[in-house]
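Note sheet for the following structure.
Just so it is clear, none of the values below were taken in a lab; they were calculated from the coordinates. Computed from a prediction, not measured in an experiment: that's the story for all the values here. Cβ coordinates were reconstructed from backbone atoms using ideal geometry, including for glycine residues, and neighbour counts include every protein chain displayed.
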């Protein structure tokens, strides 16, 4: 272990209280990207991140505009041309905090209870951004960064990063690097360091059905006019078979099978049926036949109904035959599936199954392909060694059920792989009331990144 590494680790341990105070300051900013009224807070959060970079001596620190919220950039290339250049990604925006009445403390007044800090964005992902910033600071204050570092911190991840792809494409030279580091995933448990090597993609749609020109009296017209709400329910119900498989034509044609090694690694995950029952409160699970719960979440594609709307939904009764019905549909895609192809498959399904008693419209909304990283890359090995040195045990390799669009965008636009990790936990209540971050894991994450940078330099 080098002297500088020893000093950097000691620096991180000696400055934990200050790091916590800065995290509280960061989480206090209500940078809700989907809320137009929060635009001043979005700018304030971007300035906060830029201020952190400037205080550490980063160069070319800029708040760069996009068609939406700005991107924060900064670089420190003092390690020299013989050392790798890494691009660290993060986001400073957060989800809305509603419903406020379910929070035990105000979402933007962070508070420590026990070993956790509670507040919107504490885990997703302001705490994760801080692990990379504070680990860089520990090196800078103790001999200098052993690698070249660039930061790309955006403000639109929670609304699907609609402008990030164009930004990356327009700034390829500025963002050029050897590898990207993305700490926007989570561990499977506080004692289980985790490397995420795969992310599912996303295809999101809205289905709209139109029956009669206007709502009708259900007594006078029920039984003769086909109810769009009923049609929609039948269409949605037919999108899965009895084995839990999606029935869209050709849906599985390009699905990459899980390798034997991958299934063995997934079997190490402490995420069995009891885990999912405990996390969700569901009375029972239902997944694709032939796959474990972890395999279904990490390595198999899905089709889910995210919302349904039709007719009268207020209190009391109203005997109405609705004129319209709508469903929000999301699909989580696995490697080799294409969002445009599944759009065509859903469209073909509706063409074949929708009756001529209704008119229908299919709207393609957010989309992004799945991504997967070679588990044997030198940078992945460097991260695995850093996690093992910090936690004292071999990390778990897993795929993530969710989507992080920037990973595929960096593969496409910059031609670089991303190394994904993170120090959030499954019970951090991401996107829900009482979001929190486990502080002992947060501090360990800083130390792991300090070791990671040292390993990368060698």
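Each label point is 7 Å from the Cα along the Cα-to-Cβ direction; what then is the distance between the points at residue 432 and residue 263, in nm?
Result: 3.1 nm between the two label points.
Calculate the translational D of the stretch 50-180 in whole µm² s⁻¹ from Stokes-Einstein, where the hydrodynamic radius comes from the Kirkwood formula applied to all Cα pairs, the temperature is 37 °C and the viscosity 0.692 mPa s. Write out the running numbers ahead of the final one.
Details: Rh = 16.2 Å.
Here the translational diffusion coefficient equals 203 µm²/s.
Evaluate the Kirkwood expression for the hydrodynamic radius of the stretch 278-319, namely the inverse of the mean inverse distance over all pairs of different C-alpha atoms, and round to one decimal in Å. Write out the running numbers ahead of the final one.
Numbers: mean 1/r = 0.0719 Å⁻¹.
Evaluated on the stretch 278-319, it is 13.9 Å.
So how do 150, 398 line up by other beta-carbon neighbours within 10 Å, fewest first?
Numbers: 150 21, 398 27.
The fewest-first ordering by Cβ neighbours comes to 150, 398.
So, in nm, how far is label residue 366 from label residue 22 when the simple model puts each one 7 Å beyond its Cα toward the Cβ?
Each label point is offset 7 Å from its Cα along the Cβ direction, giving 2.9 nm.
Calculate how steeply helix 439-457 sits against the longest principal axis of the alpha-carbon atoms of the chain, using the helix alpha-carbon long axis, and give the answer as 0 to 90 degrees to the nearest 10.
Long axis of 439-457 versus the principal axis of the chain: about 70 degrees.
Please compute the Cα-Cα pair-distance distribution of the chain with 10 Å bins starting at 0, giving whole percents from short to long.
P(r) over the chain, rounded to whole percents: 4, 19, 28, 25, 14, 6, 2, 1, 0.
Sort 391, 139 so the one with the fewest other Cβ atoms within 10 Å of its own Cβ comes first. Write down the numbers at each step before the final one.
Details: 391 19, 139 27.
Ranking 391, 139 by Cβ neighbours within 10 Å, fewest first, gives 391, 139.
How much mean residue ellipticity at 222 nm does the chain get from its helices, if each DSSP H run of length 4 or more adds -39500 (n - 2.57) and you divide by all residues, to the nearest 500 deg cm²/dmol? Can you show the working numbers first?
Working: 14 runs with 156 residues, N = 458.
One gets -10500 deg cm²/dmol as the mean residue ellipticity at 222 nm.
Take every DSSP beta bridge with both residues inside the chain and express the antiparallel ones as a percent of the total, to the nearest 5.
So the antiparallel bridges amount to about 70 percent of the total.
Test of understanding: what is the full-extension gain from residue 309 to residue 275, defined as 0.36 nm times their sequence separation minus their Cα-Cα distance?
Numbers: separation 34, 0.36 × 34 = 12.24 nm, distance 3.17 nm.
Answer, rounded to one decimal: 9.1 nm.
If each residue of separation counts as 0.36 nm, what is the full-extension length gain between residue 214 and residue 55 once their alpha-carbon separation is subtracted?
51.1 nm
Which order do peptides 61-69, 185-193, 255-263, 294-302 fall in by mean Cβ count within 10 Å, highest first? Can you show the working numbers first?
Working: 61-69: 16.2, 185-193: 20.3, 255-263: 13.6, 294-302: 22.4.
Highest to lowest by the protection proxy: 294-302, 185-193, 61-69, 255-263.
Starting from the eigenvalues of the Cα gyration tensor, five times each then square-rooted, give me the equivalent ellipsoid semi-axes of the stretch 341-458, largest first, whole Å. Don't skip to the end; give the middle numbers.
Details: eigenvalues 320, 78, 26 Å².
Here the semi-axes work out to 40, 20, 11 Å.
Please report 108, 26, 312 as a ranked list, fewest other C-beta atoms within 10 angstrom at the top and most at the bottom.
On the way: 108 18, 26 23, 312 13.
Listed from fewest to most nearby Cβ atoms, that is 312, 108, 26.
Roughly how tilted is helix 39-56, in degrees to the nearest 10 and between 0 and 90, from the longest Cα axis of the chain?
For helix 39-56, the angle is close to 20 degrees.
If you project the alpha carbons of the stretch 176-325 onto their three principal axes, what span does each projection cover, largest first, in Å?
64, 37, 34
Express in nm, to one decimal, how much length is gained between residue 285 and residue 43 on full extension, taking 0.36 nm for each residue of separation and deducting their alpha carbon distance. Show your work: numbers first, answer last.
Working: separation 242, 0.36 × 242 = 87.12 nm, distance 4.27 nm.
Contour length minus Cα-Cα distance gives 82.9 nm.
Rg and Dmax of the stretch 132-197, Cα atoms, in Å?
Gyration radius and largest Cα-Cα distance of the stretch 132-197: 15.0, 41 Å.
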